[in-house]
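The block underneath contains the structure these notes are about, expressed in C-alpha cells.
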Ligand SMILES: [Zn+2]
C-alpha cells in the first residue's frame, strides 16, 4: 500500500523529517501557510517557497468530537470517526491551523512545545493510505 499525501505541496514527502511548505514574500518578508501566489500584506507577486520549522508552540486548541460536514471533510465518518484535536501552532513567523494527535483537552496546554508528524488520514479508492500532517506534544 502506497502512502500518498492528502494534497501535493503542503509538506515535504516522502521524508524522515517532513516540513510544511509555506511561502515568504521577498519584498516584505511575511510568511504564509499554505503557500500563496501573492503577498497578503503588500500584494507583491514575488513569493518564494519557505520551509517551516518542525517544532513550535501550541497557541490555541479545541476538540472535534463529531465528523465535520462533507464535503470538504473527507476523513472517517460514522462509527469509524475518532475525535481529534484541532488548533493553531506558532512556528516562529506564522501560525498554522492543524490537526493535533491528542484529542484530550486535559493533555494539552497553551504554549506547550509541539512537533510536526505525518499521520494516516484515510484510505482512497485505489487502496492507497492517504497521509496528512498533524502536530503532537514533544
Ligand atoms: Zn509582502
Can you tell me, using C-alpha contacts under 8 Å and at least 6 residues apart, the relative contact order of the chain as a whole percent? 24 percent
For segment 76-124: span of alpha carbons on each principal axis (Å, largest first): 36, 26, 13
Most exposed first by the Cβ proxy, i.e. fewest other Cβ within 10 Å, how do 52, 100 rank? 52, 100
Could you check which residue among 27, 125, 16 shows the biggest mean-square fluctuation in a GNM of the chain with a 10 Å Cα cutoff? 125
By how many nm would the segment from residue 90 to residue 138 lengthen if fully extended, with 0.36 nm per residue of separation less the alpha-carbon distance? 15.8 nm
Could you calculate the contour length gain from residue 37 to residue 129, that is, 0.36 nm times the residue separation minus the distance between their Cα atoms, to one decimal place in nm? 30.2 nm
Given the chain, report the % of alpha carbon pairs whose separation exceeds 23 Å. 40 percent
Under the 0.36 nm per residue contour assumption, what length would be gained going from the current alpha-carbon distance of residue 48 and residue 66 to full extension? 2.7 nm
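Bear in mind these aren't lab numbers, they're just calculated from the coordinates by the rules spelled out. Note that the coordinates shown come from a computational prediction; the quantities given were computed from them, not determined experimentally. All Cβ positions, glycine included, derive from the backbone under ideal geometry; neighbour counts span all protein chains shown.
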